[in-house]
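The values are calculated or read from the model by the stated rules, or taken from the named source; none is laboratory data. Predicted model, so just to flag it, every value in this text is computed and none were measured. Note: ideal-geometry Cβ built from the backbone for every residue, glycine included; neighbour counts use all protein chains shown. When the accessible area is computed, the model is the full protein with side chains, heavy atoms only, and any ligands, DNA or RNA have been set aside. Shrake-Rupley method; radii C 1.70, N 1.55, O 1.52, S 1.80 Å.
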Amino acid sequence: LSIYQFNISDLIFWRNVGNIWSPRNVEAIVNRGLEYSAWMSIKITSSQSVSFKHRYDLVYTQIVESDVDKTVGSELINQPRHQWNGRISWKCGIWRFYYTHTFRGSSFVDIYNEKVIDEYYVANAGIGHTMPIVNWGILEIVIETKNVWNANYRTFQFTPLPLRSYHATLSWSI
């Protein structure tokens, strides 16, 4: 568990004004938050185990001094207050199965905190196979489905992120 507060002066962030990205200076902000993460692994047999991981972030970033009086007290853009992700995985010998789920809370997209991007949930799932090759190292094949539930979501205004997609990865460790 971590609790923090940062007082930041002369922050420059980029904002979109009429499809043109431009820098914006904010004299002072306060960033407060809480981060919590935990994991657990349970050995079922000598070749099987299941593990659980999760993380939660509560972040509040507020403008406390600005050259535009109307923005004082506003939250920074594209900074969700709540984020959570969890993962469950099962390993059975040379096979690995996993499922991850992510929640990202709503966030403001303008410096006056009038427009909001909705919260969203996204999940990924995959299966991996590890093959030790004598004198050559380890070969791993992973097949993954990203955005399992085909969620329509975005992290920035007017920028939708991909729907469901499939990925295959082949890696070789020497």
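Structure above, values below:
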{"item": "The stretch 69-116: number of residues that are of a type in the set (F, W, Y), under 18 Å from the mean Cα position of the chain (by Cα) and open to solvent by less than 80 Å² (accessible area, probe 1.4 Å)", "result": "4"}
{"item": "Hits in the stretch 147-174 - residues which are within 24 Å of N78 (Cα to Cα) and not in a loop (DSSP other than H, G, I, E, B)", "result": "R154, T155, F156, T159, P160"}
{"item": "Verdict on S46 being of a type in the set (G, A, S) and touching a strand residue (DSSP E or B) at 6+ places or on another chain (Cβ under 9 Å)", "result": "no"}
{"item": "Check on S9, more than 25 Å from I117 (Cα to Cα), of a type outside the set (V, I, T) and open to solvent by less than 40 Å² (accessible area, probe 1.4 Å)", "result": "no"}
{"item": "Residues (hydroxyl-bearing (S, T, Y) and under 25 Å from the mean Cα position of the chain (by Cα)) located in the stretch 28-68", "result": "Y36, S37, S41, S51, Y56, Y60, T61"}
{"item": "Restricting the stretch 140-171 to residues that are open to solvent by 60 Å² or more (accessible area, probe 1.4 Å) and in contact with a Pro (Cβ under 9 Å, 6 or more places away or on another chain), the residue that is farthest from A123 (Cα to Cα)", "result": "R154"}
{"item": "Which numbered condition N25 fails, given (1) under 16 Å from D110 (Cβ atoms); (2) modelled with pLDDT under 90; (3) open to solvent by less than 80 Å² (accessible area, probe 1.4 Å)", "result": "(1)"}
{"item": "Residue among N85, N135, N124 that alone is in a loop (DSSP other than H, G, I, E, B) and not acidic (D, E)", "result": "N135"}
{"item": "Hits in the stretch 36-68 (condition: free of Cβ contacts under 8 Å to residues at least 24 places away in the same chain, of a type outside the set (D, E, K, R), in a strand (DSSP E or B) and open to solvent by 40 Å² or more (accessible area, probe 1.4 Å))", "result": "S37, W39, M40, S41, I42"}
{"item": "Top-ranked residue of the stretch 125-139 - restricted to ones that are open to solvent by less than 40 Å² (accessible area, probe 1.4 Å) and not hydrophobic (A, V, I, L, M, F, W, C), ranked as nearest to Y99 (Cα to Cα)", "result": "G126"}
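Rundown of residues vs (1) of a type in the set (V, I, T); (2) at pLDDT 90 or above; (3) in contact with a His (Cβ under 6 Å, 6 or more places away or on another chain), yes/no style:
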| position | (1), (2), (3) |
| --- | --- |
| T71 | yes, no, no |
| R81 | no, yes, no |
| Y112 | no, no, no |
| I117 | yes, yes, no |
| V134 | yes, no, no |
